[in-house]
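I have placed the structure first, in the form of structure tokens, so that the comments after it can refer back to it.
Rule-based calculations on the coordinates, nothing more; no lab input. Since the structure is predicted, the reported quantities are computational estimates derived from the model, not experimental observations. Cβ coordinates were reconstructed from backbone atoms using ideal geometry, including for glycine residues, and neighbour counts include every protein chain displayed.
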Amino acid sequence: MPNQLTISELTVKLARREVSAREATQACLDQIARVDPKIHAFISHDAADALAQADVADQLLAQGGRDANRPLLGIPVAVKDVLAVKGQPLNCGSKILGKFISPYDATAIEKLKAAGAIVFGRLNMDEFAMGSSTENSAFGLTRNPWDVTRIPGGSSGGSAAAVAADECLASLGTDTGGSIRQPAALCGCVGLKPTYGRISRYGLVAFASSLDQIGPFTKDVRDAAILLGAMSGVDPRDSTSVPEPVPDYAAALTGDIRGMKIGLPKEYLIGGLDPEVKAAVDAAVKKFAELGAEIVEISLPHTDYAVAVYYIIATAEASANLARFDGVRYGARVEGNDPIELYSRTRGAGFGEEVKRRIILGTYVLSSGYHDAYYLHAQKVRTLIRNDFLKAFETVDAIVTPTTPTAAFKIGEKSDDPLQMYLSDIFTISCNLAGICGVSLPCGFAKNPQLPIGLQLLGQPFGEATMLKLAHAYEQSTGWHRAKPPLEPAA
Ligand code: GLN
């Protein structure tokens, strides 16, 4: 079925007119009807709009419209509910935005549409991207396609589950502390967090502005390279986007990684690392060596502080960013006798527990008396973490680690223990603090039940091409990415 193909496979079939964009889109919609009542990756989707976009793509294809400027013509891509798509609902997994409809496209969306993609659906997520399990959504939880009693990871759990369950060819998510890489690992797909500044954040509802990046979920590394290329570039509407040239990422995937150097940080052998995850990562490291890469032990001495620093900086920025949701204009407005009562009633009713916890924590670390002790201090340690990476990249091309300490956990297992939940991001958080790029790709399975394990590669700032080249060589020589979850139709 065309919904099971990769972007590059479908592109060939579309060009040969073996499959139409409408057929591919319909196959995704059929799969959603079949499996999504159980998985619940989508909050909503507009089937008629998706098919109308497909018909436009088919007309262009009939006119020979697939050219270098439209590398995604006819490819159905679904979107996390935190990115603005013109005319579509935008809820961020929250009640507080009510019936808000986006009046414009995010830059990343604009670029995908210009490249010919069929942009559809609103994918479930932890409210305002705060979480690691997609259990913090006002729209209910998403289930892991490999085992529906388990979480898909988060916060972009819907994005990962939808790709793993073949409900779309690829999807977009966002990553502030691991929200693309962690769910990709737990659902068995490829998830890429680009370098900070690589993709414009215009039209992305901010969680922690100095950490947030948009990125793709795909079925293989080549597709991640294709989507990255389509979305990257400087944007006058986001002053933190960087005018770095956008290379042809897919062209970098030569398969030849002989002589490249991969760093193995000794700090990543932590206590809570599951033996099956460790075995899979050890085997991956061995594979890299077989492929001709040189493995070098490195040290990232400030790794221990990453989770603490992240939960100061991310909550501080979140408390400022979320102050704008005052309930005056949009959505779930709860009336009060004066503006303060209106704001507090609306925010009290509109935000979920975890979001409130973060706002309170963030307000605390920014408050006078604590600002220097917590926030300023955390910023300094953040610089030390970044410097650790920059130093390592003087000698290695990329760094390898597990993406997560364990495979997917059970629904409800960590939801009462925020600290345990925070610790599930231990391997992904430093990448955002350092502003570098990272990718997660499948590297094996845990057994009983069979659950995907993710391998993380970290690359230097704007070193995506090198990082993806390594990821692709590994992927092609192992084939873990081709495994499909044992999905049964919804009852
Ligand atoms: N799980 C982390 C958090 O809860 C990361 C979230 C993200 O990357 N958006 O903050």
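Once the dipole of the chain is set up with Lys and Arg at +1 and Asp and Glu at -1 on Cβ about the Cα centre, which of ALA47, ALA160, VAL242 lies farthest towards its positive end?
About the Cα centre, the residue reaching furthest to the positive side is ALA47.
Expected output is a single nm value to one decimal: the length gained when fully extending between ASP248 and THR406, i.e. 0.36 nm times separation in residues minus the C-alpha distance. What is it?
53.5 nm
Are there any GluC sites (Glu not before Pro) in the stretch 291-356 that are in a DSSP loop and have at most 13 other Cβ atoms within 10 Å? List them by number.
GLU335
Trypsin sites (Lys or Arg not before Pro) within the stretch 395-475: which are DSSP loop residues with at most 11 other Cβ atoms inside 10 Å?
Within the stretch 395-475, the qualifying trypsin sites (Lys or Arg not before Pro) (loop, at most 11 other Cβ atoms within 10 Å) are LYS447.
Of LEU123, VAL148, PRO89, which is farthest along the charge dipole of the stretch 64-220 in the positive direction, counting Lys and Arg as +1 and Asp and Glu as -1 at C-beta?
Selected residue: PRO89.
On a full-extension model of 0.36 nm per residue, what is the gain between ALA483 and ASP30, subtracting their alpha-carbon distance, rounded to one decimal in nm?
My answer for the length gained is 161.0 nm.
How high is the FRET efficiency between SER344 and TYR370 when r is their beta carbon distance and R₀ equals 30 Å, given to the nearest 0.05?
E(calc), rounded to 0.05, equals 0.85.
Give the lysines reachable from LYS95 as a straight Cα distance under 18 Å; neighbours fewer than 8 places away on the same chain don't count.
LYS80, LYS356
Can you give the convex hull volume of the alpha carbon atoms of the chain per residue, in Å³?
137
Just the number, please: percent antiparallel of the DSSP beta bridges in the chain, rounded to the nearest 5.
65
Treat each spin label as a single point 7 Å out from the Cα along the C-beta direction, and report the ARG357 to LYS287 distance in nm.
Label at ARG357, label at LYS287, 3.5 nm between them.
Please get the size of the charge dipole for the stretch 128-251, origin at its Cα centre, with Cβ charges of +1 on Lys and Arg and -1 on Asp and Glu, quoted in debye to the nearest 20.
140
Give me the distance in nm between label points sitting 7 Å out from Cα along the Cα-to-Cβ direction at GLN4 and GLN379, one decimal.
Here the answer is 5.3 nm between the modelled labels.
Of LYS219/LYS410; LYS286/LYS410; LYS99/LYS193; LYS193/LYS286, which ones are farther than 28 Å apart at the Cα?
Cα-Cα > 28 Å for LYS286/LYS410; LYS99/LYS193; rest within.
Just rank LEU441, LEU172, fewest to most, by other beta-carbon atoms within 10 angstrom.
LEU172, LEU441
Taking the Cα centre of the stretch 362-491 as the origin and placing charges on Cβ (Lys, Arg +1; Asp, Glu -1), which of LEU441, ALA398, ALA473 is farthest toward the positive end of the dipole?
Farthest towards the positive end: ALA473.
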